[in-house]
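Okay, so here's the structure we're looking at.
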Amino acid sequence: MKRLAAACVVLLLTTAFAPIDNEPPVEIGWSKLVPPAPVAPPNVKSKSFLSGATPSPALGGSEPPPPLLPPGEDRPWLSERRNQPGAGAPVPVVQELDGKRVKIGGYVVPLDFDATNVKEFLLVPFVGACIHVPPPPPNQIIYVKVEQGFDVAGSFDPVWVTGKISVASQFTGLAETGYTIDADAVETRKE
């Protein structure tokens with residue numbers, strides 16, 4: 001009887017303190033990836049859109065507006081990561097999500113694939129993000145790794161991604177991401 005009681009106590013203690021790998025994922029939307037905006041101090045005056053603008057000479061101003069680029073200089077826009085707005089600043093992310101098991105819907109932008117089997121991709125909130133338009137902000141792009149890969153039906157088909165999310169900024173060549181998910185499952189989403 002004592003052995004049975006001791007075995008029950010050991011079993012209860014090991015299950016009570018064991019890591020929970022089978023916990024159900026928390027379904028989140030894209031808005032949950034954006035931290036709340038900081039509250040401005042009450043004595044700060046907001047500026048109008050045109051505050052600080054130099055009027056053109058045609059409208060009575062004294063100086064012409066500065067040129068956008070130096071004349072004759074050609075810059076490859078894709079490689080100019082440091083000139084993008086906010087470059088160098090930390091990505092605003094929600095630290096509380098780090099290490100949680102989540103389920104989120106989105107669209108696949110493949111990075112590492114063999115025919116239709118995808119092992120690494122960017123999960124984005126809308127169709128075509130990062131391909132033909134400027135990418136969304138980094139906290140709206142998730143770098144996803146799927147160890148065994150999954151077969152993608154079509155590049156415009158929505159998917160559900162389930163796995164452990166990490167707050168980890170990364171630059172993939174297409175875009176900077178604010179989060180990473182090690183995916184347990186990627187499933188086609190029915191809409």
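The values are calculated or read from the model by the stated rules, or taken from the named source; none is laboratory data. Model, not experiment: these values are computed from the prediction. In this analysis, Cβ positions are derived from the backbone assuming ideal geometry, glycine residues included, and neighbour counts consider all displayed protein chains. Just the protein is used for accessible areas: all its heavy atoms, side chains included, with ligands, DNA and RNA removed. Shrake-Rupley method; radii C 1.70, N 1.55, O 1.52, S 1.80 Å.
A few points about this structure:
- Selection count where residues are among the small types (Gly, Ala, Ser) and part of a loop (DSSP other than H, G, I, E, B), scope the stretch 87-107: 4
- When residue 110 is tested against the conditions (1) in contact with a strand residue (DSSP E or B) (Cβ under 7 Å, 6 or more places away or on another chain); (2) touching a residue at least 40 places away in the same chain (Cβ under 8 Å); (3) not in a strand (DSSP E or B), the lone failure is (3).
- Flag if residue 121 is at pLDDT below 80, farther than 18 Å from residue 28 by Cα, of a type outside the set (S, T, N, Q) and not in a loop (DSSP other than H, G, I, E, B): no
- Hits in the stretch 104-139 - residues which are within 15 Å of residue 32 (Cβ to Cβ), open to solvent by 20 Å² or more (accessible area, probe 1.4 Å) and touching a Phe, Trp or Tyr at 6+ places or on another chain (Cβ under 6 Å): 125
- Scan of the stretch 154-182 for residues that are under 18 Å from residue 112 (Cβ atoms), open to solvent by 10 Å² or more (accessible area, probe 1.4 Å) and of a type in the set (A, V, I, L, M, F, W, C), ordered by number: 168, 171, 174
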